[in-house]
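Pasting in a structure now, in structure tokens, and then I'll have a few things to ask.
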Amino acid sequence: MIEFYIRVAIYFCCFLMAMFGMSGLDFNRFIKQGKVVQAQVLYFVICCALSYLMGNFVMALIYRFYKG
């Protein structure tokens, strides 16, 4: 059960880092005029995907470090 909470915390931290990193991009260049909702959905999906990848990477590193 504690492993579940650790995974959730890692994914949440990675999501926050992905949001922070993505805030440095100028999305206005890439979206069409009047497509704000679609751009926000894309932004959220990209942040979720990045946080999933980063979280799996961090957990793999932790697993390798503790399992030897």
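The values are calculated or read from the model by the stated rules, or taken from the named source; none is laboratory data. Given the structure is predicted, the values throughout are model-derived calculations rather than measurements. All Cβ positions, glycine included, derive from the backbone under ideal geometry; neighbour counts span all protein chains shown.
Can you give me the number of residues within the range 43-68 that are farther than 19 Å from Phe4 by Cα and either in contact with a Lys or Arg (Cβ under 7 Å, 6 or more places away or on another chain) or touching a residue at least 24 places away in the same chain (Cβ under 8 Å) (or both)?
Total satisfying the criteria: 3.
I'd like the residue in the range 45-68 that is among the aromatic types (Phe, Trp, Tyr) and at pLDDT below 95 and, out of all such residues, is farthest from the chain's Cα centre (by Cα).
Across the range 45-68, the extreme among qualifying residues is Tyr66.
Return the total of residues in the range 22-36 being assigned to a helix (DSSP H, G or I) and either under 28 Å from Ile10 (Cα atoms) or touching a residue at least 12 places away in the same chain (Cβ under 8 Å) (or both).
Residues that pass the stated criteria total 2.
Follow-up question, since we're still on this one. I'm checking my understanding of the structure. Among residues of the range 10-26 that are surrounded by fewer than 14 Cβ atoms within 10 Å (Cβ to Cβ) and of a type in the set (A, V, I, L, M, F, W, C), which one is farthest from the chain's Cα centre (by Cα)?
Leu25
While we're on this one: Pick from the range 43-68 the residues that are in contact with a helix residue (DSSP H, G or I) (Cβ under 6 Å, 6 or more places away or on another chain) and small (Gly, Ala, Ser): which of them is nearest to Phe27 (Cα to Cα)?
Ser51
Right, something else. Just give me the residues in the range 31-44 being surrounded by fewer than 10 Cβ atoms within 10 Å (Cβ to Cβ) and hydrophobic (A, V, I, L, M, F, W, C), in sequence order.
Of everything in the range 31-44, just one residue is surrounded by fewer than 10 Cβ atoms within 10 Å (Cβ to Cβ) and hydrophobic (A, V, I, L, M, F, W, C), namely Val37.
Run Lys67 past the list (1) exposed (fewer than 10 other Cβ atoms within 10 Å of the Cβ); (2) closer than 18 Å to Cys13 by Cα and report the number of the one that doesn't hold.
Only one criterion is unmet by Lys67, namely (2).
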